[in-house]
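Working notes, beginning with the structure itself.
Nothing in this text is a laboratory measurement; each read-out follows from the coordinates by a stated rule. Only a predicted model underlies this, so the values are computations on that prediction, with no experimental measurement involved. No Cβ is skipped: glycine too gets one built from the backbone with ideal geometry, and neighbour counts run over all protein chains shown.
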Amino acid sequence: MSELSVNHLLGIKYLNEKDIQLIFETADQFKEVINRPIKKVPSLRDITIANLFFENSTRTKLSFELAEKRLSADVINFSASQSSVKKGETLIDTVNNILSMKVDMVVMRHPNPGAGVFLSKHVNASIVNAGDGAHEHPTQALLDSYSIREKLGDVAGKNVVIVGDILHSRVALSNIFALKLQGANVKVCGPKTLLPTYIESLGVGVETNLRKALEWCDVANMLRVQNERLDISYFPSTREYTQLFGVNKALLDSLDKEIVIMHPGPINRGVEITSDVADSKQSIILNQVENGVAIRMAVIYLLASKIKNV
Amino acid sequence: MSQKTLLNSKEIGIILHRLACQLIENHLDFSNTVLVGIQPRGIFLAERLTRILRDEYDVNNIQLGYLDITFFRDDFRRSEKILEANKTKIDFVVENKRVVFIDDVLYTGRSIRAALTAIQSFGRPDDIELLVLIDRRFSRHLPIQPNYRGRQVDAINKERVKVNWEENEGEDMVYLINQEKDK
């Protein structure tokens, strides 16, 4: 009988390949559950989960909340903008106050890298990282790999290119870890200014020509330009970025094979991909969203099974 | 650890035919009946019965599904064992159908309790019956009894009933295993 090797999901960096397989196999079962007429199972009826979002989120927050509710957990939600954090309370104080209300698990998004790791050392609860600054976003990477596995049968041996703002992207880093762990070949593609200097040390290739990258890959994961994180100007104009690194239908059709298009959302339509690409049959963007719920159910279920009763 | 044989291949064959006939007696042409094997061990018995009904009694329209009860169990986070999920495959609606749960061993009744909850996700059946190969008497934790039973066994708690199937373990046998060390 297998179980996760970790008690928290802080990043893909801390997982091994068996963990990922276990999460995928469990997600297969949950995907079947969420397609039933009644989509709820009672497994986590005695677990309380706090969703702490110190940074804005739409789909991740909804996806986690839905996953928790489908597992019958009790859920409390917290947004930093409406809380005492604004009054100067520290992270540990905030979380310990919440935990003293008998919470078993914390799902946290935070603007600072390492916030999840920090918290896991100081509080007594399972921590799930829902994105920490530009560091990791493990559930997104898991659902991305799961969607590739679903579409192409396997992740191992596939060529995956991650296009866009790699420098500020937690999705990119988690994806690189997850894809490498499963034996995929990974390249990153984007303006030199948005590629981290030592990115090759992670074992990924670098390509600055989008066409070449697309010709090489089986899957292209298009990332959003994170305007909110761009403290200085990294490229001359959005128009130029789109011309050099945006995918449109004409470009896709000119390739000699059909590649899979992914996007973690939210999409800036007309910037990194055009609407006809986002809505084309090559795009699995909405499958990613559906799989997100199943993956998060699996992660929460597997972590909860490690919280001992009394 | 010692083990003794409860049923051999021939006895299992006879019992399976009797159970198949009992099902036909109550469900006639199976037009409104669905068989549901309980994962993981009930599916072998369910498949075997379906095959006997089809090949030897010409019942050709049997609907067979597999139900995994992992997420509905009441010992999540309570047992030392990690609960691992299996596949649920029910391609039909059970609304207004007659459902027959099929499992290899009935022990505490907790699995069947979980299955009764789990099946509700697929509709509201007209009625639910239970068929088991081995019924361990006097060990129930819940008021659950089988409608069809292969063999009734009196076993103490330290003993375990193990059902082996040809397609899985290479033999049709039922053993009673005493897990206490021999003195």
Normalised contact order of region A:138-287, rounded percent, pairs of Cα under 8 Å and 6 or more residues apart: 23 percent
Per-pair calculated FRET efficiency, R0 = 30 Å: B:Asp126 and A:Asn97 via Cβ, rounded to 0.05: 0.05
Cut-off under 5 Å, modelled amide H: who pairs with A:Val107 long-range: A:Ala50, A:Asn51, A:Leu52, A:Val128
Label-reachable residues, region A:243-269, where backbone N falls under 17 Å from a point 7 Å from A:Thr193's Cα toward its Cβ: A:243-246
Kyte-Doolittle at least -1.0, axis length at least 18 Å by Cα - qualifying DSSP helices, chain B: B:9-27, B:42-57
Chain A: relative contact order as a whole-number percent, Cα under 8 Å and 6+ apart: 20 percent
Rounded to 10°, Cα long-axis angle of helix A:138-152 versus longest principal axis of chain A: 60 degrees
Max mean-square fluctuation residue, GNM over chain A, Cα-Cα springs under 10 Å, options A:Lys13, A:Lys281, A:Lys158: A:Lys281
Among beta bridges that DSSP assigns inside region B:54-174, antiparallel share in %, nearest 5: 20 percent
Nearest-ten-degree value, helix A:285-304 long axis tilted from longest Cα axis of chain A: 30 degrees
Karplus-derived 3J(HN,Hα), 6.51/-1.76/1.60, for each residue of region A:100-105, Hz, glycine and proline x: 5, 8, 6, 9, 9, 9
Shielding by partners - mean other protein chain Cβ count within 10 Å, residues of B:68-80: 5
Share, in percent, of DSSP beta bridges within the protein assembly as shown that are antiparallel, nearest 5: 20 percent
Cut-off under 5 Å, modelled amide H: who pairs with A:Val206 long-range: A:Val188
Cα-based equivalent ellipsoid of region A:138-287: semi-axis lengths in Å, sorted from largest, via gyration tensor: 21, 18, 14
Interchain or long-range residues, amide H under 5 Å from B:Lys97's placed H: B:Asp126
FRET efficiency, B:Arg140 to B:Lys81 (Cβ-Cβ, R0 22 Å, nearest 0.05): 0.60
Sequence-separation-based contact order of chain B, relative, with Cα cut under 8 Å and 6+ spacing, percent: 26 percent
Cα shape, chain B, gyration tensor, a/c 1.5 rule: oblate
Most mobile listed residue (B:Pro143, B:Pro40, B:Pro125) in chain B, GNM with C-alpha springs under 10 Å: B:Pro143
Residue (of A:Ile127, A:Leu71, A:Pro138) at the positive-pole extreme of region A:39-163, dipole from beta-carbon charges: A:Leu71
Size of charge dipole - region B:1-156 - debye, nearest 20, with Cβ of Lys, Arg +1 and Asp, Glu -1, no other charges: 560 debye
Rounded FRET efficiency, nearest 0.05, which uses the C-beta distance separating A:Glu3 from A:Asn287 and R0 of 30 Å: 0.60
